[in-house]
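The values are calculated or read from the model by the stated rules, or taken from the named source; none is laboratory data. As the structure is a prediction and not an experimental result, all values here were calculated from the model. FYI the Cβ positions are ideal-geometry reconstructions off the backbone, even for glycines, and counts take in every protein chain you see. Accessible surface areas use protein heavy atoms only, side chains included; no ligands, DNA or RNA. Shrake-Rupley method; radii C 1.70, N 1.55, O 1.52, S 1.80 Å.
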Amino acid sequence: HAFTSFKIMVPAALSLGPGFVRAAWKLKLILPLERLPGFLAIILPGMYCPLLWMVYNWPWQLVQSGLLLTSLMCMAWAPMSFTIVGTVFKIQNPILRRGYLARVLRQ
């Protein structure tokens, strides 16, 4: 019964992470003076990636291949690129200059 519940709950929980991150980025584009969407775009991947790694970790424990480990880590931690880009472009701050906003919009 526990495995059935796991199969039902995990896809629903994992599908919310990328949606919330993309929604935070789009909300930041709509409301460039607000700080909260920028903070969410930076923080949410840090909460979502460990959960994704937890799900991807069990196939590696069965096979234990170095190539599989590398590919699963790349897949699980790829959303952290949103955090890196958000930190580099300082998306948590209000975007006041037009040139700076244009650089963020190009990404």
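Please check: in the Gaussian network model of the chain (C-alpha springs, under 10 Å), which one of Ala24, Ala13, Ala76 has the largest mean-square fluctuation.
Taking springs between Cα atoms under 10 Å, the residue moving most is Ala13.
Which is farthest toward the positive dipole end of the chain among Val55, Ala102, Leu29, measuring Cα position about the Cα centre, with Cβ charges +1 (Lys, Arg) and -1 (Asp, Glu)?
Ala102
Out of these labelled values of mean projected area of the Cα convex hull in nm², [x] 9.3; [y] 10.5; [z] 7.9, which was calculated from the coordinates shown here?
[z]
Just by accessible area at a 1.4 angstrom probe, what is the order of Phe82, Phe39, Phe89 from largest to smallest?
Greatest to least solvent exposure: Phe39, Phe82, Phe89.
Quick one: among Gly66, Gly17, Gly86, which has the greatest mean-square fluctuation in a GNM of the chain with alpha-carbon springs under 10 angstrom?
It is Gly66.
Under a 1.4 angstrom probe, counting protein chains only, how are Val21, Val85, Val55 ranked by accessible area, largest first?
Val85, Val55, Val21
Sorted by accessible area (1.4 Å probe), largest first, how do Leu27, Leu68, Leu36 line up? Intermediate results must be reported in sequence, preceding the final value.
Details: Leu27 80, Leu68 50, Leu36 115 Å².
Putting Leu27, Leu68, Leu36 in descending order of accessible area: Leu36, Leu27, Leu68.
In a GNM of the chain with a 10 Å cut-off on Cα contacts, which of Gly46, Gly38, Gly19 has the highest mean-square fluctuation?
Greatest mean-square fluctuation among the candidates belongs to Gly19.
Calculate, in nm to one decimal, what Gln61 and Thr87 gain on full extension: separation in residues at 0.36 nm each, minus their alpha carbon distance.
Gain on extension, Gln61 to Thr87, equals 6.0 nm.
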